[in-house]
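K.L.:
Have a look at this one.
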Amino acid sequence: MSSVHSARPRGPDRQAAVLVPLLREGGEWHLLFIRRSVEVQDHKGQVAFPGGAIETEDADAIAAALRETREEIGLPESSIRVLGQMAARTTVTHYFVTPVVGVIPWPFAVRMQVSEVSRVFTIPLRWLAKPENHTRRDFVRPGGIRGMVDFFEDYDGELLWGITAAMTLEFLEIVR
């Protein structure tokens with residue numbers, strides 16, 4: 001996995017990073033996701049990877065992704081084996097997000113920051129990779145802007161879509 005970055009953001013975009021947490025469960029690879037609480041400012045109740053804004057104390061996107069993962073789900077930075085970074089991208093809510101891929105232990109003692117996270121769950125890579133489980137749909141974004149958005153079928157009552165679905169599909173292409 002290489003450190004690939006797209007162009008730097010223009011305008012009001014805020015720097016952010018997420019961890020794409022890869023784990024082994026039941027003899028197969030999974031990705032770990034969170035459902036954001038309804039109390040957070042952006043993306044209320046949506047499925048996401050752990051992560052958030054890059055703060056001034058963070059050395060880089062990797063440090064931010066690891067710190068945010070510790071804060072949101074209680075996994076210490078020292079428990080994460082970073083494999084690399086994927087291409088950064090701008091979200092419709094004006095974040096310039098760098099996905100950081102890392103292998104995490106499983107199980108671990110999840111300690112959710114309930115003001116930000118309402119659920120932690122995993123989805124097998126095998127299920128995510130099946131073409132019948134994902135699609136691109138026309139979608140009206142905030143502000144009335146139309147565009148194509150990635151969606152996965154419901155998995156265990158959770159809907160993976162948008163930027164997190166796009167990052168997941170990109171990850172699947174990389175590991176294919």
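K.L.:
So if a site counts as exposed when it's one of the GluC sites (Glu not before Pro), its DSSP state isn't H, G, I, E or B, and it has at most 14 other Cβ atoms within 10 Å, what's the longest stretch of the chain without one?
P.N.:
58-152
K.L.:
Using only Cα atoms, what Kirkwood radius does the stretch 37-176 have, in angstroms? Let's see the in-between values first.
P.N.:
Working: mean 1/r = 0.0619 Å⁻¹.
That comes to 16.2 Å for the stretch 37-176.
K.L.:
With a point put 7 Å past each Cα toward its Cβ, work out how far Arg119 is from Asp154 in nm, to one decimal.
P.N.:
Taking the two extended label points, one gets 1.0 nm.
Each value in this text was obtained by applying a stated rule to the coordinates, not by laboratory testing. Values in this document were obtained by computation on a predicted structure and should not be read as measured data. Quick reminder, even Gly has a Cβ in these numbers, built from the backbone with ideal geometry, and neighbours come from all protein chains shown.
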